[in-house]
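The values are calculated or read from the model by the stated rules, or taken from the named source; none is laboratory data. Being a predicted model, the structure only gives us computed values, none of them experimental. No Cβ is skipped: glycine too gets one built from the backbone with ideal geometry, and neighbour counts run over all protein chains shown.
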């Protein structure tokens with residue numbers, strides 16, 4: 001590849017050969033960066049920041065079979081017998097090999113982003129859903145705009161899971177407070193003072209009815225006593241009247257007999273008949289009055305006997321008071337039973353509430369622990385993303401690791417620059433190259449300059465083994481060198497590479 005009139009470059013031939021490392025040397029400002037950018041522009045057809053050399057309308061790049069013009073755009077190149085595919089333009093490699101950060105975790109994060117960015121790895125919603133589960137995934141997606149960048153996703157996921165775990169823990173603490181307020185609950189019905197409510201209600205009602213009946217009986221007896229006293233005063237008169245009436249009845253009976261005899265005499269003495277019949281009528285009327293008076297006296301006597309019987313079974317004031325006291329006791333027992341029933345109901349409601357709170361607390365404890373575990377295991381998503389890079393992983397401290405030649409997993413940042421460069425390029429290079437394109441890797445100048453002779457030799461062997469073309473740059477150490485030069489390093493010894 002021949003570059004002419006681009007940037008500060010007047011004329012430069014760069015050998016682009018599979019399996020060969022080409023090093024561009026020259027003083028600062030001689031065009032090393034422009035040369036590397038030109039290789040990228042030829043491969044991609046994008047001019048980028050390239051400009052023609054001062055005073056020139058355009059610059060050119062000649063490749064076998066074609067000339068490419070670089071002015072305001074890249075044009076030409078038809079008929080070229082060689083084409084290039086820039087596998088890595090150096091920007092990603094630079095961040096992967098040495099991101100320039102002192103904090104190891106920040107550096108590893110930048111390296112991981114560069115490594116995943118090399119193949120365009122993005123977050124997979126289905127993988128995230130399988131990792132979180134349907135319910136947590138729905139909550140995460142509702143609260144957070146799910147990033148497509150896998151690193152940003154893991155960060156957002158960890159933050160969200162920590163928040164969920166804290167919220168669960170705070171809720172558990174509040175629930176424990178509510179549970180403590182409820183305290184220990186006695187068993188429902190475990191109450192010595194408790195009385196059967198329905199039985200107590202019936203006893204109270206029976207006592208009330210007995211008291212009402214006793215009061216009514218008491219009032220009736222009082223009336224009977226009054227009537228009895230009145231009858232007691234009139235009994236002698238009634239007895240005397242009864243004797244008179246008995247005498248009258250006897251007389252009337254005798255008169256009736258005399259009347260009957262008189263009737264016989266009347267037959268004989270018609271003149272006395274009328275007088276006798278009148279006497280008979282008068283006697284009959286008097287007899288009826290006497291019978292009525294006797295009947296009335298007998299009824300009064302019977303009433304007196306009944307009243308006297310009632311008075312003998314008298315309800316005293318003391319017995320009424322005792323019934324009232326018993327009623328009050330039974331009413332109090334009923335009220336105690338109702339209170340006990342209400343307390344049992346409150347205890348049962350509190351117990352149900354307690355069970356609900358304990359269930360919620362246990363569920364939140366499980367959810368909080370699950371969120372903590374998932375937060376710790378979030379690197380699983382990175383492991384899945386790194387599946388495209390065999391031998392690469394993330395350890396429990398979120399450090400980027402790689403399988404070392406010794407066979408163990410080693411933090412990538414702890415390796416030498418040469419080891420990091422080889423492993424980085426090996427990670428981004430495809431296993432096979434298709435078509436006639438020459439794969440090209442641009443190794444950043446600062447990375448190459450950090451390698452000693454031994455590591456440069458190892459890197460040259462690696463380029464030859466994998467069969468790609470590598471281009472890098474190095475500042476010239478000789479004051480006699482004033483322009484940019486290109487050197488093939490295939491087969492060079494470590495001493496020559498120093």
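Take the conditions (1) farther than 30 Å from residue 157 by Cα; (2) free of Cβ contacts under 8 Å to residues at least 24 places away in the same chain; (3) part of a helix (DSSP H, G or I); residue 387 misses just one of them, which is (1). Tell me yes or no: at least one residue of the stretch 427-444 is closer than 17 Å to residue 20 by Cα and in a helix (DSSP H, G or I). Within the stretch 427-444 (the criterion being closer than 17 Å to residue 20 by Cα and in a helix (DSSP H, G or I)), the answer is no, since none of the residues qualifies. Pairing residues of the stretch 396-424 that are under 18 Å from residue 454 (Cβ atoms) and not assigned by TED's automatic domain parsing to the domain that holds residue 154 with residues that are modelled with pLDDT of 85 or more and in a strand (DSSP E or B), at Cβ distances under 8 Å and at least 6 apart in sequence or on separate chains, gives 404/410; 415/402; 423/402. Every condition in (1) touching a helix residue (DSSP H, G or I) at 6+ places or on another chain (Cβ under 6 Å); (2) within 28 Å of residue 412 (Cβ to Cβ); (3) surrounded by 19 or more Cβ atoms within 10 Å (Cβ to Cβ); (4) modelled with pLDDT under 70 is met by residue 90 except one, and the failing one is (1).
Output the residues belonging to the stretch 330-349 that are surrounded by fewer than 15 Cβ atoms within 10 Å (Cβ to Cβ) and in contact (Cβ under 8 Å) with a residue 24 or more places away in the chain. Across the stretch 330-349, the qualifying residues are 338, 348. Of all residues in the stretch 20-44, exactly one satisfies the criterion of being modelled with pLDDT of 90 or more and more than 19 Å from residue 475 (Cβ to Cβ), namely 20.
Looking at the structure I just gave you, is residue 59 surrounded by 21 or more Cβ atoms within 10 Å (Cβ to Cβ), more than 30 Å from residue 451 (Cβ to Cβ), at pLDDT 85 or above and in the same structural domain as residue 419 (by TED's automatic domain parsing)? Yes: the conditions hold for residue 59.
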